[in-house]
1. From the set of residues in the stretch B:325-335 that are in a loop (DSSP other than H, G, I, E, B) and modelled with pLDDT of 90 or more, which is surrounded by the fewest Cβ atoms within 10 Å (Cβ to Cβ)?
2. Quick one: count up the residues across the stretch B:265-286 that are within 7 Å of chain A (Cβ to nearest Cβ) and either among the hydrophobic types (A, V, I, L, M, F, W, C) or over 21 Å from A:GLN214 (Cβ atoms) (or both).
3. Suppose the filter is of a type in the set (A, V, I, L, M, F, W, C), within 29 Å of B:ARG220 (Cβ to Cβ) and in contact (Cβ under 8 Å) with a residue 12 or more places away in the chain; does B:VAL251 pass it?
4. Hey, does the stretch A:105-115 have a residue that's touching a residue at least 40 places away in the same chain (Cβ under 8 Å) and among the aliphatic types (A, V, I, L, M)?
5. I'm checking my understanding of the structure. Among residues of the stretch A:257-279 that are in contact with a Gly (Cβ under 8 Å, 6 or more places away or on another chain) and among the basic types (Lys, Arg), which one is surrounded by the fewest Cβ atoms within 10 Å (Cβ to Cβ)?
6. Considering only the stretch B:133-188, state which residues are touching a residue at least 40 places away in the same chain (Cβ under 8 Å), in a helix (DSSP H, G or I) and of a type in the set (A, V, I, L, M).
7. Which of the numbered conditions does B:ASP262 fail, given that it passes all the others? Conditions: (1) in contact (Cβ under 8 Å) with a residue 12 or more places away in the chain; (2) more than 7 Å from chain A (Cβ to nearest Cβ).
8. When you look at A:PRO281, is it touching a Leu at 6+ places or on another chain (Cβ under 8 Å), at pLDDT below 85 and of a type outside the set (Val, Ile, Thr), yes or no?
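The values are calculated or read from the model by the stated rules, or taken from the named source; none is laboratory data. This structure is a prediction, so every number in the text was calculated from the model and none was measured. No Cβ is skipped: glycine too gets one built from the backbone with ideal geometry, and neighbour counts run over all protein chains shown.
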Amino acid sequence: MQTSLHTQEPSTPSAGISDTALLEIRGLRKWFPVQKGFLKRTVGYVKAVDGVDLSIQPGETLGVVGESGSGKTTLGRCVLRLYEPTAGEILLRDNDRILPVHQLEGRELQAFRRNAQMIFQDPYSSLNPRMNVLETVGEPLLVNNVAKGKELEDRVTEVILQVGLRVEHLRRFPHSFSGGQRQRIGIARALVVRPKLVVADEPVSALDVSIQAQILNLLKDLQAEYQLTYIFITHAMSVVRYMADRIAVMYAGKLVEVAGKESLLTRPRHPYTEALLSAVPRTTSGRNVKRTVSVGEVPDLANLPPGCVFHPRCKYAVDRCKVEEPALRELDGQLVKCHLAEQLALTGIGPSPNGAGRT
Amino acid sequence: MTSTSTNDKLIEVRDLRTYFYLYEGIVKAVDGVSFQIRQGRSLGVIGESGCGKSVTAQSIMRIAPEPPAKHVGGEILLHLGPNNNSEVIDMLKLDPRGQRIRALRWKEISMIFQEPMTSFSPLFTIGNQIGEAIELHLPGLSKKQVRERTIDLLGRVGIPQPKRLIDSYPHQLSGGMRQRAMIAMALSCNPRLLIADEPTTALDVTIEAQILELIANLQREFNMALMYISHDLAVVSEMSDEIMVMYLGLVMEQAETGEIFDNPLHPYTQALWRSIPRIEGGQDRLAPISGALPNPYNLPKGCPFYSRCEHRMPGLCDAVRPPMIEVSPNHKVSCFLYKTEP
């Protein structure tokens, strides 16, 4: 995997992607202009995503975690071209071809959408109240010219049965469904075109605790059945622990650590990952927990600190961190963006003493 | 904190029933809830949306919208303590818009909410709004003293540069800072009971950790009682000495925090524990609670969890509501599977 953060000329044609990866992201940037005054002069940029390199293997679930404003949603939307990336490459394997997603236009972009779909956070605002389930779930088939008429109805029926809805639901409108059922409709709509890649942006955050488990299990079952690849964006560390194979931690638009789930959680290498894990409340800790709470808040993305973006909140920061930005580099199979990664012995989440046995 | 004398009872809720009379029918949001909180102790309330946890809190403050809400039964006894001749007031007997309850709100009981943006008026500075609460409840302070007290409070809840930020408007603060300001306002008159209704749900996990630590420290410092409401088990477990599990307007189980996690008795509590992903891991597969919530307009006669329960006993559980019994000291459960300790 390429670890350089600053691809100087990101629009140069790529030489192809690594042998196995389904998706490869190189030097991805999304800068939103900050405009001021009557003439809407651009006075600066909000660097929502600033130089992200990632590669995703087929069939895996990559969890993307971070605080609000860390750029995780923007990253997910750029991958699907719901936002136009400012710079960088996004390459998707489609059978024998490599699709340069970042430069697709028109018909080809439409074809790409059959390969990559999104599940949204809020099942209340992401469904059109004037379309019934058949229309909602069937729409991607229609606009992508995949199916129509009887065939469309058959495919919609098939997929809504798979997500746990019933045939009699087809003619009903969103208002007659509960939050969990609406999220099932959202999942059916994403899966009806049989995508390879699904970006799920906080798919259970708006749901009640007992419904969350149903939706998470459903996503896992569907993944096993259709060999789906998930980019699973969430702020809930316990959810990502259940869902992900690998975890990417984002902070202020940059990846600070990428590693396999177990090693990242038990032995984090970046001080921000440690702070994030330490902040997660646990049922086993009881009262009077002592934690390494990181002080302060996420920095202003239009005005990032020099050096390492995390240094103002980092308790291990040394002078070097204030001036020199560390690169995302490999260390024992984990990717970490910290000058001190070798020297620090950071605390993660220990294995649960009786987590499995607790009922 | 560990005193167990029965004299330091602060609030006692007995068989509270708060119903909502709506066009579609009657929703029994709270239907016979009893608990008490002692001085300096904390009670966590867990439940899914619609279980009545927020309505219980709103009933204590008498801020449930009346109508459609109506308190059809029960008592909420506030013990005013030795400084006030140990007077006991039934909050349900007070006029919700009257002088008496206004004097008790903020001074005896205050509350912090989930979304601090909607709890503050956008038209006044936070200093203005906190100062107003102080002026109302602690008359006799000069303008300057009120301002000094406000600055002191803002500093204590961890707002940097309180002298400058006292004059800022709510929209100028971040979510975490607004919640801090809300907490400062809630503590402005040294209340004896703080009700926290999901105060960190809208916040990021690192900010949440800061706010939880702040509330825990302030509770100790002010020796307040705390009622902490959340759907997040882990948060509640960190904030509470005791935990109460609610389902459809009823208390299912109540026990000390360690006990209820290690030894949950009610089938609903057990099912809830199994359905929630944990950061500690060790879960191959989550076990969702089967079925769906029953129609709130037409709740079953017996146990509200009957239709979803693995251990249901037809003829008994669906006919009679199980009473709350104490199976071991301080561990109460409302389920026919258990009998009182012999």
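1. Of all residues in the stretch B:325-335, those in a loop (DSSP other than H, G, I, E, B) come to B:329-330, B:334-335.
This time we only want the ones that are modelled with pLDDT of 90 or more, so: B:334-335.
Working: B:SER334: 24, B:CYS335: 22.
Per the criteria, the residue is B:CYS335.
2. Here the count works out to 6.
3. yes
4. No, because not a single residue in the stretch A:105-115 is touching a residue at least 40 places away in the same chain (Cβ under 8 Å) and among the aliphatic types (A, V, I, L, M).
5. Checked the stretch A:257-279; the qualifying residue surrounded by the fewest Cβ atoms within 10 Å (Cβ to Cβ) is A:ARG267.
6. B:ALA133, B:ILE134, B:ALA181, B:MET182, B:ILE183, B:ALA184, B:MET185, B:ALA186
7. It is condition (1) that B:ASP262 fails.
8. Yes, satisfied.
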